[in-house]
Structures are given as structure tokens and as C-alpha cells.
1. What number results when the radius of gyration of segment 1-139, computed over Cα atoms, is divided by 2.2 N^0.38 Å?
2. Give me the number: length gained by fully extending residue 178 to residue 45, i.e. 0.36 nm times residue separation minus the C-alpha to C-alpha distance, one decimal in nm.
3. Among the chymotrypsin sites (Phe, Trp or Tyr not before Pro) within segment 1-110, which fall in a DSSP loop and have no more than 13 other Cβ atoms within 10 Å of their own Cβ?
4. How much length is gained on full extension from residue 104 to residue 204, taking 0.36 nm per residue of separation minus their Cα-Cα distance?
5. Need the full-extension length gain, residue 86 to residue 121, defined as separation in residues times 0.36 nm minus the C-alpha distance. One decimal, nm.
6. For the residues 44, 72, 49, what sequence is obtained by ranking on other C-beta atoms within 10 Å, fewest first?
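Derivation of every value follows stated rules applied to the coordinates shown; laboratory data play no part. For clarity, every value in this text was computed on a predicted model and none was experimentally measured. Cβ: placed from backbone, ideal geometry, glycine included. Neighbour counts: every protein chain shown.
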Amino acid sequence: MRYYTHIAFALFIYILIMFIQGMTISPLGVFFAGWISVLPDIIERFIGEHRTLGHSIFWTAPLGLVALFNLEIGIALVVGFLSHILLDCCNTHASPLLYPLHKDGFGCFNKSRRIRTGTIAEKGVLIFIISLLITVLLFMTPLYHIIGFDQMLGDVFARNNTPPETTHHLKCDVNLNLRADDAKNKNITVDIINETRYQVLITDMEVEG
Ligand SMILES: [Zn+2]
């Protein structure tokens, strides 16, 4: 695959994971995810062999150790690297995941169905990945609420498992100024109409007996 396809795929996977986990996406994390996604091919360009050492899954361990010092960059490195070898598994040359223990490439699907580098098929994959990336970015902006996707999709893309009641308590900054001079013993009920509108009902308490 071309470098731009790898970068787009790495950014999509990285941003998606960070978004789902509710973690902060910083420019530094985006940079490392994009940069590491082209490193396997750069390494092999230097050593003069393609689909060998740079595409070994064993790189995941040292890259993962970075997470002990900086979680965000560690995740970016691991995700960016794995995205590269995963995408190359869909390429005609496949990825030698277990190199040097096993030098044959691992590929998805039948070889004839895999994507050849630089072809129209790769450009189609690139457009598809960019479409997914734009969709995720859309969900991270206020435009998501304006369009109404949140209501259409419910809590499918909820960023955490916080119960709805608690979420409303956290989101809303409500000032209530109530006067009910004309009588005592009122019932006050607050109904949530939707995410931004509330209805306050004041009714007389029923007298028992
Ligand atoms: Zn590669």
C-alpha cells in the first residue's frame, strides 16, 4: 500500500479508539500514529528487503512499553504500527507477521482478492477510509448534534457507560427561581423533554384523609 493509505488508516483507527474510550486526542498522538504507520516500509527501504523485519508483529512489544511512560503516545505507536501490518495483510504481498520465526506472509482472503499497491482498488480503499475518518470526526463536533445524528443513533456511540440520569446532571447547569406565594404545600416536578429542554410542573399537593 502507498504511504498515504497507511497514514489515513492509522489516523482513522487511532482517532476511533480514542473517541470510543473517551480519551483526549492531541496533535502529538495523531503525529505519532501517522508517523509510525509508514515506518515499517521506511525500515525495509533502508535494509533493502521488502516484507521482512519491518512487518514483524514482534515490534508491538517494545512499542507497547512506551505506554508505561506516556499512555497516549504508546497507544498511538501500537495502533499506528498494527494498522500498517493489518492493511498490508490485505495486500497481494501479505505481511510476514511472525518474521523471523516464520518468513511467509499472512494475508486476508484469497491472494487474487487482495489489493495491489497503486491500483484503482487501493484508491477506492483510500476513499472509503477517508469517508470513515470524516464520519468519526463529524461525531466529535457540535455538528453531530445539529444534524440530529445523536437522536437517530441513540446511545450506540455513547462515549461511556454513564447512566442517562447522571449524564444530565453533569451536563446541565440549571438555575431555578420559583415562587409559589399563593399557597403552601406544592409538588414540583422536573420533566426532561429532550437533551436541552426541561419542563417544570408545580401542582398542589393532594390532601390526604
Ligand atoms: Zn508495508
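1. Values: Rg = 14.8 Å, N = 139, 2.2 N^0.38 = 14.3 Å.
For segment 1-139, the normalised Cα radius of gyration is 1.03.
2. Details: separation 133, 0.36 × 133 = 47.88 nm, distance 7.25 nm.
Length gained between residue 178 and residue 45: 40.6 nm.
3. Numbers: sites: 3, 4, 9, 12, 14, 19, 31, 32, 35, 46, 58, 59, 69, 81, 106, 109; in loops: 69, 109.
Answer in residue order: 69, 109.
4. Values: separation 100, 0.36 × 100 = 36.00 nm, distance 7.90 nm.
Separation in residues times 0.36 nm, less the Cα-Cα distance, equals 28.1 nm.
5. Numbers: separation 35, 0.36 × 35 = 12.60 nm, distance 1.67 nm.
Working it through step by step, the gained length comes to 10.9 nm.
6. On the way: 44 16, 72 19, 49 11.
Exposure proxy ranking, most exposed first: 49, 44, 72.
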